[in-house]
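The values are calculated or read from the model by the stated rules, or taken from the named source; none is laboratory data. None of the values given here were measured: they were computed from a predicted structure. Note that each Cβ is placed from the backbone with ideal geometry, even for glycine, and that neighbours are counted across all protein chains shown.
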Amino acid sequence: MAMTIYTAEVIPAGGQSVNEQLGDPIPRAFELLPGAGDRAEGPTLSQRCMIERGVALFGQIAPGAHLVHHLLPDDDAVLVVRAGRGGASIYVASDHSVLYAVSAMPPHLALERFRQGARTPPEQFAGGGAQ
């Protein structure tokens, strides 16, 4: 399965959403990194909403963290990753339910758990994770 990597500006907790910052109804908020793949188009509106959900949750638990995004089109989901020491991943489903996985969990096991329906309750994120 090929993954395309996108990056975005991290929005501080309580900050404006990407849509609010850009003021465009369907903004191109995420830019394709050079050499990240052959896809020239960005994520769909649905995928951008899922990415924003993951970014917002990371904003509650790790404000200012550098995040990388992977599209998971086969699963109708996205993966938002905080790379580096103490890294973690948030798998976001199309219904905006999420699975939080620490870096100690191998990615293939986290993806399998996500596909099996494992989810992290929103109240486990600081501030309740409500959106």
For this session: Scan region 43-61 and give yes if some residue there is closer than 13 Å to S89 by Cα, at pLDDT 50 or above, assigned to a loop (DSSP other than H, G, I, E, B) and over 12 Å from the mean Cα position of the chain (by Cα), otherwise no.
Result: no
Seminar exercise, completed: Cβ pairs under 6 Å, 6+ apart or interchain, first in region 79-93 and in a strand (DSSP E or B), second among the charged types (D, E, K, R) and crowded, with 19+ Cβ neighbours inside 10 Å, ordered by first then second residue, are A88/R82; V92/R53
Exercise. When you go through G37, G64, G15 one by one, which is the residue that is modelled with pLDDT under 70 and either in contact with a Leu (Cβ under 7 Å, 6 or more places away or on another chain) or under 17 Å from A126 (Cα atoms) (or both)?
Worked result: G15
For this session: Scan region 60-83 residue by residue and report those that are closer than 15 Å to R115 by Cβ and aliphatic (A, V, I, L, M).
Result: L72, A77, V78, L79
Problem set entry | So H96, is it closer than 14 Å to G54 by Cα, touching a helix residue (DSSP H, G or I) at 6+ places or on another chain (Cβ under 8 Å) and in a loop (DSSP other than H, G, I, E, B) | yes
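Is region 101-124 home to any residue that is among the acidic types (D, E), at pLDDT below 95 and over 20 Å from L45 (Cα atoms)? Reasoning before the result, please.
Residues of region 101-124 that are among the acidic types (D, E), as a first pass: 112, 123.
Still in the running and at pLDDT below 95: 123.
Subsequent filtering for residues that are over 20 Å from L45 (Cα atoms) retains 123.
So far as region 101-124 goes, yes, one or more of its residues are among the acidic types (D, E), at pLDDT below 95 and over 20 Å from L45 (Cα atoms).
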For this session: Look through region 70-93, keep the residues that are over 12 Å from P43 (Cα atoms) and charged (D, E, K, R), and return whichever of them is modelled with the lowest pLDDT.
Result: R85
For this session: Pull up region 62-77, narrow it to residues that are in a loop (DSSP other than H, G, I, E, B) and out of contact with any Lys or Arg (no Cβ under 8 Å at 6 or more places or on another chain), then point me to the one that is nearest to D95 (Cα to Cα).
Result: D76
